[in-house]
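The values are calculated or read from the model by the stated rules, or taken from the named source; none is laboratory data. Fair warning: this is a prediction, and the values are worked out from it, not measured in the lab. With ideal geometry, Cβ positions are generated from the backbone for all residues, glycine too; neighbour counts draw on all protein chains shown.
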Amino acid sequence: MLCSSDEIRTTLRDHLAWWGLKHFSSDRDYFAWQRQRLSSEDLKRLAFHADQKRQGDRRDEIAFYDLAAQPKIYPVLYSQRYEYYEEIGVRTTAHLGHAKNVLDFGCGIGVLTIFYARLFPEKNFVGIDRSSASVVVAQEKADKLGLRNLRFECVDVETQSLSGSYDLVVATHALVQAEQDLGLPSQSWRTFERGGNPSQQLSFEQRTGLAIRLDRLCRALDSSGCMIVNEKTRQLARRVPFQRALANRGLQLAERPALIRYRTVEEEVEDGPFYLLRKGSQDTTAWDELPEEDGLQGFSQDAIPTAPAEPEGPLYENHQLSAQAAWEQLKDREVTREMTWEGPDGRQLHVERGSSRGLAYLYCANTFDQRQLVIVEQARSAMLDAYYQEIVDDMS
Ligand SMILES: C[S@@+](CC[C@H](N)C(=O)[O-])C[C@H]1O[C@@H](n2cnc3c(N)ncnc32)[C@H](O)[C@@H]1O
């Protein structure tokens, strides 16, 4: 039995190697390897199906995962997810201890499901996925290892109910696939708070397919069962409705959610939190809908330099959530021009040109938590007027 996360990670790396996955930290090396392994025809097909999948149609998504499951493609494609597998695999393993029957929803080709089943021969695992080609690969790989505590089924939870009952359901990168969906707008451009509008929540859950997936998974979960969830819900506008969907179904936080960070080759990825949830628990951690700290807190106008670090650069620039706090703290703020646009669904964009104690500023904020504050000397304020006009022109 493995205990430390280092031991789990080492075993997981051996497991990933057994799948033919390689770890790369340089784009150049990764793409050279990709070109050796895949023809330009393969790469074109992959790019085409990835593009179709982004349009959000169910059949296109299945077609992409069927293609991705081809034995020559999956090692190359999923090597990009090497560090993701490490992060999720190690964290999930640490929470498998008490479970007896585990469902891995949207298991893909079963890379992690098989890892868990190898580590815990005394537990039973079921992996389900709606990509039949992925399920075939997963089952073949499990059979090769002679695993008797694991089976895979081709099920589309959007259209089919689940059979069986589980004391742990794992769903990683499978519940909210609609990456292009911005989520739930805040009440106005001035705040990060979301109102409690049930129709907006319902609309998010339905258009992303989250409602039916969660309802069916919750029905398959024992009355005091646990759920492990990690999705691409890093942005507050997606995190809030996602968390509300979980909470509305009686799932409570069993521990404080942790943000997941990893690299896909050279790109730093910050994923949504890793949630450990429990059904019907008394002892819970409170849900948090606050924006995260972004490391740029502690704004002080007095600390703004009098000359820019680079000739054309601003004196101060903040494109993070904390730009709002900085804008609120500008002293003797005078607004010279401002515009606010409002869409039919309530979304807003605000842009503002102003001055504060001899400095010129431009501030932009919208209801999807984007914030931008740029400050220059008054002598260069024409630069901000030009940005202001660009935004106004784009919106008209
Ligand atoms: C990004 S992959 C994630 C695979 C795996 N969970 C992981 O973390 O590597 C998403 C998987 O979810 C599956 N999936 C999405 N919606 C599904 C549904 N309604 N029913 C079953 N599988 C689904 C897709 O076919 C795909 O294999």
Checklist entry - Any idea which of S39, S134 is crowded, with 17+ Cβ neighbours inside 10 Å and polar (S, T, N, Q)? => result S134
Next on the checklist: If I filter segment 72-85 for residues that are more than 16 Å from the ligand (Cβ to nearest atom) and of a type outside the set (G, A, S), do I get at least one hit?
Outcome noted: yes
Checklist entry - Are there any pairs, at least 6 apart or on different chains, whose C-beta atoms fall under 7 Å, with the first in segment 94-106 and farther than 12 Å from P121 by Cα and the second surrounded by fewer than 16 Cβ atoms within 10 Å (Cβ to Cβ), and if so, which? => result A94/S5
Item to check | Whichever residue in segment 42-66 is in contact (Cβ under 8 Å) with a residue 24 or more places away in the chain and assigned to a helix (DSSP H, G or I) and, among such residues, is farthest from the ligand (Cβ to nearest atom) | outcome: D42
Checklist entry - Tell me, which residue of segment 196-220 that is in contact with a strand residue (DSSP E or B) (Cβ under 8 Å, 6 or more places away or on another chain) and within 14 Å of the ligand (Cβ to nearest atom) is farthest from E289 (Cα to Cα)? => result A220
Checklist outcome for this item: Taking segment 221-235 and the residues there that are surrounded by 21 or more Cβ atoms within 10 Å (Cβ to Cβ) and not in a loop (DSSP other than H, G, I, E, B), the one that is farthest from the ligand (Cβ to nearest atom) would be G225
Next on the checklist: Could you go through segment 332-346 and let me know if any residue there is under 24 Å from E292 (Cα atoms) and under 28 Å from the mean Cα position of the chain (by Cα).
Outcome noted: yes
Checklist entry - Which residue pairs have Cβ atoms under 6 Å apart, sit 6 or more places apart or on different chains, and have a first residue in segment 197-217 that is assigned by TED's automatic domain parsing to the domain that holds G183 and surrounded by 13 or more Cβ atoms within 10 Å (Cβ to Cβ) and a second that is β-branched (V, I, T) and at pLDDT 95 or above? => result R213/V157; R216/V157; L217/V169
Checklist entry - If you take the residues of segment 196-217 that are over 23 Å from K279 (Cα atoms) and in a helix (DSSP H, G or I), which of them is farthest from the chain's Cα centre (by Cα)? => result S199
Item to check | Subset tally (residues that are modelled with pLDDT of 95 or more, closer than 22 Å to F105 by Cα and within 21 Å of the chain's Cα centre (by Cα)) for segment 159-195 | outcome: 7
Checklist outcome for this item: For G20, the lone unmet condition from (1) under 29 Å from A117 (Cα atoms); (2) assigned to a helix (DSSP H, G or I) is (2)
Checklist entry - In segment 91-105, how many residues are away from the ligand (no atom under 13 Å from the Cβ) and surrounded by fewer than 22 Cβ atoms within 10 Å (Cβ to Cβ)? => result 8
